[in-house]
Structures are given as C-alpha cells and as structure tokens.
Amino acid sequence: MRAAVCFTIDDVHPGKSSDAYEAGGDLNRGALRHLEWLLDHHPRLRVTLFVTADWREISPFATRSILAKIPLLRNRIYLANVLPQGTMRLGRHPDFVSYLRSLPRVDCALHGLHHVKKGTNIAAEFKGQSRAKCELMLERAIEIFNEAGLPYSPGMCPPSWELSDELAEAMIATGLKFVASARDIRTPIIPGAVNSMSGRKGVSVFYPERIMKGRLLHFCTNFQATSPITRAHQIAERNGLIAVKAHIIKVAANHTALDGLDESYCNYLHNLFTELEDRYGDELWWTSMAEITNRCDAE
C-alpha cells in the first residue's frame, strides 16, 4: 500500500438537545443520512464515529457572560445551560443504538462522558482532572456503552482535543489503545511535520505514532472541509495517513462548524474520495484507527 485513509466523525449522540442545537443524530433524517450516502457510494470507505456516552452540552460557549468574568467562581459552575444527566444516555435511546449498529463498515469509539465541564472551556471535560477522576469518567462511559449494547473500539477522541498525561494514563488503565487528540490542517506536509494547532503538540501530522512509552497509538487529524485536495495527495506521496475529520453538528448556538457534515461537505468528501480512488486505486488502504492499531499491535 502507498498510503491510508481514515474518516472519523465527532460529537455523535442521540438526537437534538434543543431547538437551536442540531445534533444531527435523528437517525437517517439528520446529518447521519450524509454518512449513509457516502458509505453507499464508496464501498471501501471505513468510518469511525466518536460517540459521547451521555451528552449534556447545549452550548459550546459560555452564555452566562457576567459569571464568566468572575475569577474562581466561574470555574465552579456551568457557564451555559446543560442537559440533566441521563437525558442523552445511550441506553435510553435504543433506536439510535440499533441504527448505529446497522451501519456497514462503521465502528464506534469514545468521545467523552458528558462533553461538558464547569468553567470557561466548556467542552474540555477532562482538562485539569486527576488521573483517578479521568479513570472514573472513562469507566462510567464504558459502562454506558456496555449497558446500551453498543460495541466500541478501544480508543477515544477527547473532547476539545485535550489529552493530558493524567487522561492518557487513565485511558491505558481502562484498556484503551489509541487516541486521536490533535488536529493540524495547516502545517506543510514535509518530512518531520509535527502538530502545531489543536491538541497535543509535537506529534506527527501524518503518521500514527506511539506515545506514553509506547502504550498508546496516537493519530492526528490532517484534513477537513477547508483543506485542498492537493493536501491529501501530498500525504499519500509521503506514504502517510490521510486522516479526514467531520463533526456531526453543523450549527451549535451561534457557531457554525466549518467541518459540520452537511450536504456541501458531503459533496466535497465525495469528490475527495472519488479523486483518491481514481488516482491511487488499490495502492490506498481504506481503513480505521482501530484496524491500524490492531495491525501495529500484531507486529
């Protein structure tokens, strides 16, 4: 194989959390219909859905602006409304779980417990947490997946890309083997390129690599809606991994995600995948992060 392609989607959870916050998880009527379309048109495509066990976030940004300005206090309260615990717990939405299980060539992995925390960095729920607290949160998330009967791959994309050493140790302790905690869509694709954008700094932009003394395999997102197709070509020519990212949520409160999986991004991904198929044919490995991890573990 010359190179590989992974496609991952973040923030997957059951349905809508409010009228203004489209989660897109309303089965084949929401954003996931675009995923179905891509799977139908690209039979070699593999997809990993990063699923939140009990989604509670309503707004990704602070809406209590006055409280957000008060030191100490702002770190002890939720600075935006949140859903009651259990509202979006996977086990309470069996149709959603069944739908995910029915999708071909799709696996699920973890995307946090609640996707929300107190303080100004609302989505980064593991940031600043001790190893023991991180471990408890991961154990609860895994318990929810098991209760719901949703199989999961042994990995996680931490919300907001936040991977501390404490969280990494907790992941290892709970049996997780891979992590996607970096995004760099700007650094040129040159030998030795390392992440300088979101998440863990200094990791390879287009090669999976071992971190935490070899106990976790790390992946960096390097392609999304704003990336030119030539970037994918450059990664392939370097024998790298084209790690394509989408978010299931297009509009959250007043924020529009550039990589939200709407019709426009779906069409762009279709063009990208078609171009890669035509250009590289069987030289390209259409795979998943879990499959790469299994291959590395077997070597």
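The values are calculated or read from the model by the stated rules, or taken from the named source; none is laboratory data. Just so we're clear, the structure is a prediction, and the values are computed from it rather than from any experiment. Here the Cβ is made from the backbone with ideal geometry for all residues, glycine too, and neighbour counts use every protein chain on show.
Computed quantities for the displayed model
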| quantity | calculated |
| --- | --- |
| Matching option when the condition is aliphatic (A, V, I, L, M), modelled with pLDDT under 90 and part of a loop (DSSP other than H, G, I, E, B), among 80, 68 | 80 |
| Matching residues, the range 201-233, being over 25 Å from residue 294 (Cβ atoms), among the aliphatic types (A, V, I, L, M) and buried (at least 19 other Cβ atoms within 10 Å of the Cβ) | 225 |
| Any hit, the range 33-52, residues being buried (at least 16 other Cβ atoms within 10 Å of the Cβ), in contact (Cβ under 8 Å) with a residue 12 or more places away in the chain and farther than 21 Å from residue 288 by Cα | no |
| Leading residue by the ranking (nearest to the chain's Cα centre (by Cα)) among those in the range 268-299 that are without any contact (Cβ under 8 Å) to a residue 40 or more places away in the chain and over 22 Å from residue 234 (Cβ atoms) | 294 |
| Unmet criterion (only one of (1) in contact with a strand residue (DSSP E or B) (Cβ under 6 Å, 6 or more places away or on another chain); (2) under 19 Å from residue 14 (Cβ atoms); (3) small (Gly, Ala, Ser)) for residue 155 | (2) |
| Scan of the range 254-265 for residues that are surrounded by fewer than 18 Cβ atoms within 10 Å (Cβ to Cβ), under 20 Å from the mean Cα position of the chain (by Cα) and over 16 Å from residue 228 (Cβ atoms), ordered by number | 255, 256, 263 |
| Every pair of residues 6+ apart whose Cβ atoms lie under 8 Å, when the first sits in the range 174-189 and is within 16 Å of residue 289 (Cα to Cα) while the second is in a loop (DSSP other than H, G, I, E, B) and polar (S, T, N, Q) | 178/153; 182/195; 183/195; 183/222; 183/224 |
| Output for the range 273-284, where each listed residue is closer than 21 Å to residue 226 by Cα and either of a type in the set (Ser, Thr, Tyr) or surrounded by 19 or more Cβ atoms within 10 Å (Cβ to Cβ) (or both) | 273, 274, 276 |
| Every residue from the range 158-173 that is aliphatic (A, V, I, L, M), in contact with a strand residue (DSSP E or B) (Cβ under 7 Å, 6 or more places away or on another chain) and either without any contact (Cβ under 8 Å) to a residue 12 or more places away in the chain or not in a loop (DSSP other than H, G, I, E, B) (or both) | 168, 171, 172 |
| Count of residues meeting criterion [farther than 21 Å from residue 176 by Cβ and either more than 20 Å from the chain's Cα centre (by Cα) or of a type in the set (Val, Ile, Thr) (or both)] in the range 117-136 | 4 |
| Set 150, 138, 113: member being within 22 Å of residue 35 (Cβ to Cβ) and modelled with pLDDT of 95 or more | 150 |
| Boolean, residue 189 is closer than 26 Å to residue 127 by Cβ and in a loop (DSSP other than H, G, I, E, B) | no |
| Evaluation of residue 243 against (1) surrounded by 16 or more Cβ atoms within 10 Å (Cβ to Cβ); (2) modelled with pLDDT under 95; (3) small (Gly, Ala, Ser) (one fails), failing number | (2) |
| Residue match in the range 103-111 (condition: within 28 Å of residue 79 (Cα to Cα) and part of a helix (DSSP H, G or I)) | no |
| Strands (runs of 3 or more DSSP E) completely within the range 193-299 that count 3 or more residues being closer than 17 Å to residue 11 by Cβ | 241-247 |
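The rows are residues; the columns are (1) in contact with a Gly (Cβ under 6 Å, 6 or more places away or on another chain); (2) modelled with pLDDT under 90; (3) within 30 Å of residue 281 (Cα to Cα); (4) not in a strand (DSSP E or B).
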position: 16; (1), (2), (3), (4): no, yes, no, yes
position: 34; (1), (2), (3), (4): no, no, yes, yes
position: 50; (1), (2), (3), (4): no, no, yes, no
position: 64; (1), (2), (3), (4): no, yes, no, yes
position: 97; (1), (2), (3), (4): no, no, no, yes
